[in-house]
Amino acid sequence: MKTVLLIDDDASLRRVTEYNLSQGGFTVVAASSGQEGLDLFSKVQPDIVVTDVQLGDVDGLEVLKQIKEKKPDIPVIIITAFGSIELAVRAMHLGAFTFIAKPFDRDALRLSCVKALEMNKLHRRTRNLTEEINRLTGAAGMETVNTAMAELLQTALKVAESTATVLITGESGTGKEVLARLIHRHSPRRKEPFIGVNCAAIPQNLIESELFGHVKGAFTGAIKDHQGRFQRADGGTLFLDEIGELQLEMQVKFLRVLQEKKVELVGGQQEEEVDVRIIAASNRNLQDAIGKGAFREDLYYRLSVIPLHLPPLRERKDDIPALVSHFLKKHDAPPEVSFSPEGLRKLQGYDWPGNIRELQNVVERSIILRSGPEISAQDILLPESGKQSSTGIFQLPSGGISLEEVEKSLIEQALSQADGNRSQAARLLQIPRHVLIYRLEKFAIAQ
C-alpha cells in the first residue's frame, strides 16, 4: 500500500479525507500543522503528500517548497478553500502535481493521488532508462567539476566530430572505455556499432581471428566462417583496449589494416574493405615500450593522432561526491541513502589505487554494510596502506603470519585492481606473466 502524508489544520475535514483515502487503498499519516507535516515527512518517507495551503504556522506553499528541496520526485497535491488562479500558478511553479479547490469530491482526490503515483512511476522508469542508455553509450560517470577533467572532456567532444584515430591512456580503472563510448556517442557514427575488444583478454593465437575473422576450415575448430571485430564495427567505431598487449607480429598486421583499410580473413584469399574508426587505449606507457622494443613506433604514431590522457582519481578528488551520487543510483540504493559529510571526507582522503572502479566497489559495499540511511565513515571499509619500517615494506605481526596467505592475498588484490587482466596484474606484482599463471594454479585462484 502506498503512503499518503495528509497535512490539514481542519480537524473534521482531515478525518473525513483520511477516511476516504484509506477506503481508496492508501495508508494515511495525518498532520495538523505544516511543521508537524515536515517532521513526519522526514520520518515516514511517504509516496505522496496532500497539503492544505492555510496551515497556521508554515503555509502549504512553504511545505511544498521544502519537500521539493528534499525529495524532488515526491508528488505533492495542494488543496485549499481559498483558490485563485494566482495561487494555483505559484503552486505549479513550485512543483505541485495538481491544485484542488475545496470543497472537492472524494473521488477527485483519490483519482488525483492515483494519477500522481502513476506519473511518478513513469518518470522513474524514464529516468532509469535514460541512465541505462547513458551507461551503455558512455555518458554516465563523466560529469566533472575538476578543471583538468573538464578540459579533457571538451577536447574529446571536439575530437568526436572528426574521424581521427584516438589513443586514450591512463591507469586501470580511470574510465577509458567510458570516454571511448562518449566519443562514439557524439560522433557522426553514433548510429553505427561500437565494438570493444580487450586485447589482453584474448589468447595470442586467437586474436588475429577475433580481429580480422576467419573462413571455414582455416584451422582446427573453424567449423564455419567467422566475422571479425573489424567487420562487425564496419561504419562505426572499434575500441581496442590494452593495445600495448599485442605481440609485435600482430602489430605489423594491425598497422597494415589501419593503412590499407582492408582486412584479410585468416585462411582466406581475398581482402575485405572496412570503414572503421579506431579508438585505442592502454594503461602502459607505450613510449617506454617502444624504447624496450615491445611496441612499434610507427604504430604508436598511427594510433596517437589525438592523444587523450585520463587523470587518476587521486588527481581529481573533487569529483568524488558526484561519482558517489552516480554510483548510489547505479546500485539502486534507496532514495534516503546518502553519505555523511565525514564519510565523503574519508573517501576524499584516500588515494584510490584502483581509481573509479575501486570507488564504485566501495560505494556498493557501503550500501550493503551501512548501519542506517546515512553512510558514516565507520561504514566505509578501505584497505589500509602498508606501513614502511626500518626492516622492510611491511611490519611482521608479533604472532607471525603465513607467507603463502600473504602471497595469495597480494595476487588476488593485483587481479582485482587489474580487473582480471593477468598481464597487468603481473606488472603490478613485478613478476613475469608465466610466473603469475603458475601461482594462480598453485593457489587455485579462479579466473
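Every number in this text was worked out from the coordinates using simple rules, so none of it is lab data. All values derive from a computational prediction rather than experimental measurement. All Cβ positions, even for glycine, are placed from backbone atoms using ideal geometry, and neighbour counts span all protein chains on display.
Annotations for the structure displayed:
- Using the Karplus relation 6.51 cos²θ - 1.76 cosθ + 1.60 with θ = phi - 60°, the per-residue 3J(HN,Hα) values for region 367-375 come to 4, 6, 8, 4, 9, x, x, 9, 7 Hz, with x marking Gly and Pro.
- Of the residues GLY217, VAL197, GLN66, the one whose Cα sits farthest toward the positive end of the charge dipole of the chain, with +1 on the Cβ of Lys and Arg and -1 on the Cβ of Asp and Glu, is GLY217.
- For region 265-295, the residues whose backbone nitrogen is under 12 Å from a point 7 Å from the Cα of LYS253, taken along Cα to Cβ, are 265-268.
- Segment LYS191..ALA81, full-extension length gain: 34.2 nm, with 0.36 nm per residue of separation and the alpha-carbon distance subtracted.
- Between the amide H of ILE48 and those of THR3, LEU5, distances stay under 5 Å, these residues lying 5 or more places away or on another chain, with hydrogens modeled in the peptide plane.
- The chain - mean residue ellipticity at 222 nm from DSSP helices (-39,500 (n - 2.57) per run, n ≥ 4, rounded to 500): -14000 deg cm²/dmol
- Exceeding the 30 Å Cα-Cα cut-off - candidates LYS70/LYS191; LYS43/LYS121; LYS2/LYS191; LYS2/LYS317: LYS70/LYS191; LYS2/LYS191; LYS2/LYS317
- Cβ crowding within 10 Å, taken as a proxy for footprinting-reagent exposure, orders ASP319, ASP57, ASP105 from fewest neighbours to most as ASP105, ASP57, ASP319.
- Each Lys and Arg Cβ is given +1 and each Asp and Glu Cβ -1; about its Cα centre, the chain then shows a dipole of about 640 debye.
- Model label zone, GLN287; criterion: amide N under 16 Å from point 7 Å along Cα-to-beta-carbon; scope region 148-178: 167-171
- Between the helical axis of 433-442 and the longest alpha-carbon principal axis of the chain there is an angle of about 60 degrees.
- Nearest-ten-degree value, helix 403-417 long axis tilted from longest Cα axis of the chain: 70 degrees
- Using C-alpha pairs below 8 Å separated by at least 6 residues, the relative contact order for region 403-442 is 29 percent.
- When GLU18, GLU404 are arranged by Cβ crowding within 10 Å, least crowded first, meaning fewest neighbours, the order is GLU404, GLU18.
- At an R0 of 41 angstrom, the distance between the Cβ atoms of GLU273 and HIS434 translates into a FRET efficiency of 0.60.
- The residue list VAL16, GLY34, HIS331 was ranked by how far each Cα lies along the charge dipole of the chain toward its positive end, using unit charges on Cβ atoms, and HIS331 comes out on top.
- Farthest toward positive dipole pole in the chain [+1 Lys/Arg, -1 Asp/Glu at C-beta], among GLN45, VAL276, MET149: VAL276
- When percent of Cα pairs over 44 Å apart is calculated for this entry, the matching label among (i) 8; (ii) 39; (iii) 34 is (iii).
- Think of each Lys and Arg Cβ as +1 and each Asp and Glu Cβ as -1; about the Cα centre, that makes the dipole of region 3-132 roughly 400 debye.
- Semi-axis lengths, Å, region 313-379, gyration tensor of Cα atoms, sqrt of 5 times eigenvalues: 18, 12, 10
- Legend: translational diffusion of region 147-309 by Stokes-Einstein, Rh = Kirkwood radius over C-alpha pairs, 20 °C, 1.002 mPa s; D = 132 µm²/s.
- Once the Cα gyration tensor of region 402-447 is diagonalised, semi-axes √(5λ) in Å: 15, 11, 10
- Multiplying the residue separation of GLU297 and ALA101 by 0.36 nm and removing their Cα-Cα distance gives an extension gain of 63.0 nm.
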